[in-house]
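The values are calculated or read from the model by the stated rules, or taken from the named source; none is laboratory data. Note that this is a predicted model, so its numbers are computed, not measured. So basically every Cβ, Gly included, is an ideal-geometry build from the backbone, and we count neighbours across all protein chains shown.
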Amino acid sequence: MTIFFDPLHSPTGGVCRNVILRSDRDEKDTKAAMGLVMDGSFILASASPRRIELLKGFGLSFDVIPSGADESFRPGETPRDHVRRISGAKALAVAADHPDAWVLGADTIVVIDGRVLGKPKDKEDARNMLRLLSGQEHSVYTGFSIVGKAKALLRQRVIRSVVVFKRISEDELEWYVNSDEPYDKAGGYAVQEKGGLFARRIRGSYSNVIGLPVSEVFEVLKEIGAIRFNGVCHEQFG
């Protein structure tokens, strides 16, 4: 059974978006859902399935509007400068048409020995990337930008995580490149899926390696007043 929370009966009168109460038939006790209160509408300026899934997992209500921003590197640009610039370009492009919304843009890259790894074009490209990462340490950078154009507000942060790969055997390599997984991901792997087989250690944010450092993103959203966590926003159903 799924029951959607009715904000009109909230004891606080606040709007609780995407608050759902689920109960199994075998359970006698009703479970209460926490409220995530948002100030205005929210847009993710990215079509990344991983970023969408991460945000949905926290009950955040949002629209998805890809920006179409050019993600090419500029000569002499550092990884940090690049992800900061691209995330800002994504957010600002969408915010131009939606000035009253909060807009989140993000960009993630994988870097090893100064080399930036994009998304593999084919199996051979994926093999080469994974051989380069095999048994080595690499960095994952994600820049995110939050824009509230009507409030003349722009917040940006860059988060770095370090991932250590085990040595990948040839049979593991062939198994992985013959799956569908490597081909839409920077660095050619997904740590939250089959690619997690290769990750020995992660220093820093795990969700950053997936594509969005959720702890830092929600920290900024809270600081700027875009969201608040309402522990009072519960409803009991008989």
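May I ask you to list pairs of residues, at least six apart or on different chains, whose Cβ atoms are under 6 Å apart, with the first in segment 65-77 being aliphatic (A, V, I, L, M) and the second being outside any loop (DSSP other than H, G, I, E, B)?
Pairs found: ILE65/ILE43; ILE65/VAL94; ALA69/ALA89; ALA69/LYS90; ALA69/ALA93.
Would you be able to tell me the number of residues in segment 126-154 that are of a type in the set (A, V, I, L, M, F, W, C), at pLDDT 95 or above and in a strand (DSSP E or B)?
Summing the residues that are of a type in the set (A, V, I, L, M, F, W, C), at pLDDT 95 or above and in a strand (DSSP E or B) in segment 126-154 gives 4.
Considering only residues of segment 164-176 that are surrounded by 13 or more Cβ atoms within 10 Å (Cβ to Cβ) and part of a loop (DSSP other than H, G, I, E, B), which is nearest to the chain's Cα centre (by Cα)?
Step by step, filter segment 164-176, then rank; the result is LYS166.
Check whether at least one residue in segment 103-122 is touching a residue at least 12 places away in the same chain (Cβ under 8 Å), charged (D, E, K, R), on the phi < 0 side of the Ramachandran plot and part of a strand (DSSP E or B), and report yes or no.
yes
Anything in segment 191-221 that is crowded, with 20+ Cβ neighbours inside 10 Å and either in a loop (DSSP other than H, G, I, E, B) or charged (D, E, K, R) (or both)? List them, or say none.
Selection gives VAL191, GLY211, LEU212, PRO213.
Could you please give the count of residues in segment 71-103 that are polar (S, T, N, Q) and at pLDDT 95 or above?
Final tally of qualifying residues: 2.
In this structure, is ILE159 touching a Ser or Thr at 6+ places or on another chain (Cβ under 7 Å), closer than 19 Å to ARG84 by Cα and in a strand (DSSP E or B)?
The answer is yes for ILE159.
Which of the numbered conditions does ARG157 fail, given that it passes all the others? Conditions: (1) over 23 Å from the mean Cα position of the chain (by Cα); (2) within 18 Å of ALA91 (Cα to Cα).
(1)
Looking at (1) in contact (Cβ under 8 Å) with a residue 12 or more places away in the chain; (2) closer than 23 Å to ASP113 by Cβ; (3) more than 15 Å from the chain's Cα centre (by Cα), which is the one condition that is false for SER179?
(2)
If you check PHE73, PHE62, which single one turns out to be under 17 Å from the mean Cα position of the chain (by Cα) and either exposed (fewer than 13 other Cβ atoms within 10 Å of the Cβ) or hydrophobic (A, V, I, L, M, F, W, C) (or both)?
So the residue among PHE73, PHE62 that is under 17 Å from the mean Cα position of the chain (by Cα) and either exposed (fewer than 13 other Cβ atoms within 10 Å of the Cβ) or hydrophobic (A, V, I, L, M, F, W, C) (or both) is PHE62.
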